[in-house]
Amino acid sequence: MKKTIVVTMLFALISTFTFAAKKPKYITPIPKNGQIVIKKSQLSKDASYINYSAGGVSVQLIAVIADDNTYRLSFNTCQSCNPSPNAYFAQKGKNLVCQNCGNQFTMNDVGAASYGCNPAMLPYTQTDSELIVSTEILEKVAPAFKRWQGPVD
């Protein structure tokens, strides 16, 4: 009887951790009129990864809603670690962790600073329902992503 209870509890615990792990959200907007548009309704307090192909080079952005309910957007590369293939951020809990050096940042830091070991800022505009990024900017930064090997889906 005790063995059955222990096994059942162990199975429940393993199932909880297995199903609790969230799969990252990847969004690949279709460029139109020299822009990509990210719908705010697709974003949450967890990181969303926005993909763009610049002539075959994957350029990725991080989009998130910060604690103050503002929308944040940055490049998904660590400025200090680039051009390492692992100079990208993955979400771990409530933080983003550089996969090259291990530095961690909160979602509130996305797009907040443009120096050192953090997600690089980028210019964008926003409407009530969208974040809008010029593809010209994404094309210009593509060389920094040539060796980048972060996941895209």
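The values are calculated or read from the model by the stated rules, or taken from the named source; none is laboratory data. The model shown is predicted, which means the values in this text are computed figures rather than measured ones. Positions of Cβ are generated from backbone atoms using ideal geometry, with glycine treated the same way; all protein chains shown enter the neighbour counts. Only protein heavy atoms, including side chains, enter the accessible area calculation; ligands, DNA and RNA are left aside. Shrake-Rupley method; radii C 1.70, N 1.55, O 1.52, S 1.80 Å.
Suppose the filter is in contact with a Leu (Cβ under 9 Å, 6 or more places away or on another chain) and not charged (D, E, K, R); does N69 pass it?
Answer is no for this residue.
From Q79, Q42, Q60, grab the single residue that is touching a strand residue (DSSP E or B) at 6+ places or on another chain (Cβ under 7 Å), modelled with pLDDT under 90, open to solvent by less than 70 Å² (accessible area, probe 1.4 Å) and polar (S, T, N, Q).
Within the list Q79, Q42, Q60, the selection yields Q79.
Just to be sure I understand the filter: pairs with C-beta atoms under 7 Å, separated by 6 or more residues or on different chains, first member in region 81-110 and closer than 22 Å to N69 by Cβ, second member of a type in the set (S, T, Y). Which pairs pass?
Matching pairs, first to second residue: K94/T106; N95/T106; V110/S74.
When region 45-57 is examined, which residues are found to be over 15 Å from L131 (Cα atoms), in a loop (DSSP other than H, G, I, E, B) and either open to solvent by less than 50 Å² (accessible area, probe 1.4 Å) or polar (S, T, N, Q) (or both)?
Within region 45-57, just D46 meets the criteria.
Conditions (1) in a strand (DSSP E or B); (2) open to solvent by 40 Å² or more (accessible area, probe 1.4 Å), marked per residue:
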site	(1), (2)
P83	no, yes
N100	no, yes
F105	yes, no
P123	no, yes
I137	no, yes
A142	no, no
R147	no, yes
